[in-house]
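Right, one structure below, let's go through it.
The values are calculated or read from the model by the stated rules, or taken from the named source; none is laboratory data. All values derive from a computational prediction rather than experimental measurement. All Cβ positions, glycine included, derive from the backbone under ideal geometry; neighbour counts span all protein chains shown.
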Amino acid sequence: MKTYIALFRGLNVGGHNILPMSELVSVLEKIGARSVKTYIQSGNAVFQGEETDASLLSIKIGAAIKKSHGFEPRVLLLELEEMEKAIESNPFPEAESEPKALHLYFLDAIPENPDFDTLASIKSYRERFALKDGVFYLHAPEGIGRSKLAANAEKLLGVSATARNWRTVSKIMAMATLSN
């Protein structure tokens, strides 16, 4: 049995795509997930599953939510080892002490032609970023609310992404480690 980390995009945001976490647990259990745990209402889940094909499982989860709730969220599935690697590869370890300022954008694919020049030109003087193995790391000490870099990262990378701050990534990893 594998440990999976599901990162949902666009759940419970601005009154749209409402899916209480208790109902998400139920949907996941109905498709065979075991030991399901969730973290915060924005859609993070850790579970055990028999399925070995993460992309197939991601499609299955989206379809199950569409059937039960009428919308199909984007679901990025990571295996435990992928989350471990993302954490270990953090190029800004000193920023871990500011967990709300460090963000990991988990990418759907490796960008083929990221626009690093524009990314660099729109970042604030205190922001830093790096792209490593399918994860875009952003240290935004002033926050991401008004950050042009945060607002445009996905478009300039050329791939879909879902972002989590360091605090959330750490909590999810702790849950996944306990489940394993």
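Looking at the structure I just gave you, is Asn44 surrounded by 14 or more Cβ atoms within 10 Å (Cβ to Cβ) and either modelled with pLDDT under 90 or assigned by TED's automatic domain parsing to the domain that holds His139 (or both)? Answer is no for this residue. Condition check for Ala151 on (1) buried (at least 16 other Cβ atoms within 10 Å of the Cβ); (2) out of contact with any Gly (no Cβ under 6 Å at 6 or more places or on another chain): one failure, at (1). Checking each residue in the range 47-91 for being among the basic types (Lys, Arg) and either out of contact with any Phe, Trp or Tyr (no Cβ under 9 Å at 6 or more places or on another chain) or surrounded by fewer than 16 Cβ atoms within 10 Å (Cβ to Cβ) (or both) picks out Lys60, Lys66, Lys67, Lys85. Could you please find all residues in the range 138-180 being under 12 Å from the mean Cα position of the chain (by Cα), within 15 Å of Leu102 (Cβ to Cβ) and not in a helix (DSSP H, G or I)? The answer is Ala163, Arg164, Asn165. Residues considered: Thr118, Thr177. Of these, the only one that is farther than 24 Å from Gly43 by Cβ and surrounded by fewer than 17 Cβ atoms within 10 Å (Cβ to Cβ) is Thr118.
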